[in-house]
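Peer 1: Submitted below is the structure of interest, expressed as structure tokens.
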Amino acid sequence: MGKVLAVCISEKKGTQKKNVGSARFVEDWGIQGDAHAGKWHRQVSLLSHEKVEAFRARGAVVDDGAFGENLVVEGYDFKTLPIGTKFRCGDVELELTQVGKECHSHCEIYKVMGDCIMPREGVFTRVLHGGTISVGDELTMVEEG
């Protein structure tokens with residue numbers, strides 16, 4: 001079981017997301033108001049809080065959403081889970097569709113630190129059922145892919 005520590009969105013692609021505390025997740029779309037929402041397989045991105053903390057321990061000064069992640073969750077090592085894994089958080093159901101991503105142009109974090117964890121630690125999901133997710137909510141794995 002995991003705990004949601006941040007719910008982040010950005011209005012434009014290519015910008016850092018900011019923690020808004022709570023957001024509406026729309027079935028087969030993503031997060032209402034987030035630039036990365038749409039009818040594709042990368043509607044919502046998740047990042048493990050433990051991986052962010054390990055990166056901060058190396059001297060990085062990063063806020064929640066700095067890597068472009070929508071949800072920061074404590075208690076899961078997302079990259080170890082298979083495609084098809086399903087999660088539930090309240091009414092929201094998410095399905096893991098992609099682990100990691102290719103980084104085409106290095107972000108500001110990479111330019112400062114020489115590294116960025118999102119390409120290897122971040123995962124992407126699509127919204128199977130909508131609802132609201134807020135900081136403090138529990139995220140549970142309901143089916144491993």
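Peer 1: In this structure, is Arg42 among the basic types (Lys, Arg), closer than 18 Å to Arg88 by Cβ and at pLDDT 90 or above? Quick ask: steps written out before the conclusion?
Peer 2: Numbers: among the basic types (Lys, Arg): yes; closer than 18 Å to Arg88 by Cβ: no; at pLDDT 90 or above: yes.
Here the answer is no, as Arg42 does not meet what is asked.
Peer 1: So which pairs qualify, if the first residue must be in region 73-87 and closer than 20 Å to Ala6 by Cβ and among the hydroxyl-bearing types (Ser, Thr, Tyr), the second must be at pLDDT 95 or above and surrounded by fewer than 17 Cβ atoms within 10 Å (Cβ to Cβ), the Cβ gap must be under 8 Å, and the two must be at least 6 apart or on different chains?
Peer 2: Final answer for the pair search is Tyr76/Met141.
Peer 1: Can you pull out every residue in region 7-66 that is of a type in the set (Ser, Thr, Tyr) and not in a loop (DSSP other than H, G, I, E, B)? Spell out how you get there, then give the answer.
Peer 2: Step one: of region 7-66, the residues of a type in the set (Ser, Thr, Tyr) are 10, 15, 22, 45, 48.
If the condition is that a residue be of a type in the set (Ser, Thr, Tyr) and not in a loop (DSSP other than H, G, I, E, B), then Ser22, Ser45, Ser48 are the ones that fit.
Peer 1: Continuing with the same structure: Which of the residues belonging to region 20-42 are surrounded by fewer than 16 Cβ atoms within 10 Å (Cβ to Cβ) and over 17 Å from Leu128 (Cα atoms)?
Peer 2: Scanning region 20-42 gives Gly21, Ser22, Gly33.
Peer 1: Please pick out the residue among Glu74, Glu53 that is over 22 Å from Gly131 (Cα atoms) and surrounded by fewer than 20 Cβ atoms within 10 Å (Cβ to Cβ). Write out each step before concluding.
Peer 2: On the way: Glu74 fails: over 22 Å from Gly131 (Cα atoms).
That would be Glu53, the only listed residue that is over 22 Å from Gly131 (Cα atoms) and surrounded by fewer than 20 Cβ atoms within 10 Å (Cβ to Cβ).
The values are calculated or read from the model by the stated rules, or taken from the named source; none is laboratory data. Source: prediction; values computed, not measured. Every residue, glycine as well, gets a Cβ built from its backbone with ideal geometry; the counts of neighbours run over all protein chains shown.
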